[in-house]
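The values are calculated or read from the model by the stated rules, or taken from the named source; none is laboratory data. Bear in mind that the values here come from a model prediction, so they are computed numbers and not experimental data. Don't worry about glycine lacking a Cβ; one is built from the backbone with ideal geometry, like all the others, and counts go over all protein chains shown. When the accessible area is computed, the model is the full protein with side chains, heavy atoms only, and any ligands, DNA or RNA have been set aside. Shrake-Rupley method; radii C 1.70, N 1.55, O 1.52, S 1.80 Å.
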Amino acid sequence: MNGDGTPTPVPASTIAPLKVAFLGDSYMSGAATSAPEQRWTARLSAANGWAEINAGVGATGYATAGGEPNARPYAERTVDIVAAAPDVVIVSGGRFDYLGSSSVTTVSAAIVATFSELRAGLPQAKIIAISPLWGTSEPPTRLAEIGTEVRAAVEAAGGSYVDILQPLEARTHVLAADGVSPNDAGHAILLEAIRPSVESLVNATP
């Protein structure tokens, strides 16, 4: 209290920013952007004053390790997310589970494991899953099936599912030379598609 009985203002610098962890693939890591701050996760975090924890690794999925050295599937990376103690976890993936060699049964089990382990380790955190992203061509039917499984798993864990459809479809200028990873323009479109729902969920009063 101040001498006149009014509350003493708390300096903004003493208020810890919300810690938001992003678990995903190259669409999450911003592998093909011109700079890390151009990826949609960084731009969304900066706009909201969040402390970004980016755990995106290219070509990985719920059950898919990808090709990078020491890369692991999501279900094996939850321990790292839990150790970071975020307030919010946002998960996106599925494309590389479709393209990978894992069976449908293995992918389904890995999806369930990912969200159940996140909830067990972070009982108070908000957990948000984003629908699987494909690219500029029409997505395969199996991708929608993976999305249905992700929705069921995240909601069973007390989290939320955000379906943004396929915002990059038919937009040929939004991918890098590899034909897979979004460039700066692609990440700007992803941000526009993802931001309203995710901000609403993160900022909602428990």
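Side notes on the structure shown:
- A viscosity of 1.306 mPa s and a temperature of 10 °C, combined with the Kirkwood radius over Cα pairs in Stokes-Einstein, give a translational diffusion coefficient for the range 71-197 of 104 µm²/s.
- Taking the Cα centre of the range 130-185 as origin and assigning +1 to Lys and Arg Cβ atoms and -1 to Asp and Glu Cβ atoms, the resulting dipole is close to 20 debye.
- Across Ala153, Ala185, Ala84, mean-square fluctuation computed from a Gaussian network of the chain (C-alpha pairs under 10 Å connected) peaks at Ala84.
- The range 1-159, accessible area per residue, ligands and nucleic acids excluded (1.4 Å, Å²): 45
- Here each label is just a point 7 Å from Cα along the line to Cβ, and for Ile15 and Ser137 those points are 4.8 nm apart.
- For the range 116-183, the percent of C-alpha pairs falling in each 5 Å distance bin, counted from 0 to the bin holding the largest distance, reads 4, 17, 21, 17, 15, 12, 10, 4, 0.
- Net dipole in debye of the chain [+1 Lys, Arg Cβ; -1 Asp, Glu Cβ; about Cα centre; nearest 20]: 120
- What a 1.4 Å probe finds exposed on the chain is 55% carbon and sulfur by accessible area, rounded to a whole percent.
- Extended-chain gain in nm, criterion 0.36 nm per residue less alpha-carbon gap, Thr205 and Thr148: 17.9 nm
- In Hz, Karplus ³J(HN,Hα) per residue of the range 32-48 (6.51, -1.76, 1.60; θ = phi - 60°; x = Gly, Pro): 10, 7, 6, 7, x, 6, 8, 5, 5, 5, 5, 5, 5, 5, 5, 5, 10
- With contacts taken as Cα pairs under 8 Å and at least 6 residues apart, the chain reaches a relative contact order of 21 percent.
- Lys/Arg +1, Asp/Glu -1 at C-beta; the chain dipole; positive extreme among Val57, Ile127, Pro182: Ile127
- This model, with +1 at the C-beta of Lys and Arg and -1 at the C-beta of Asp and Glu, gives the range 111-206 a dipole about its Cα centre of some 220 debye.
- Label point distance in nm, Thr172-Asp80, each placed 7 Å from Cα along Cα→Cβ: 3.6
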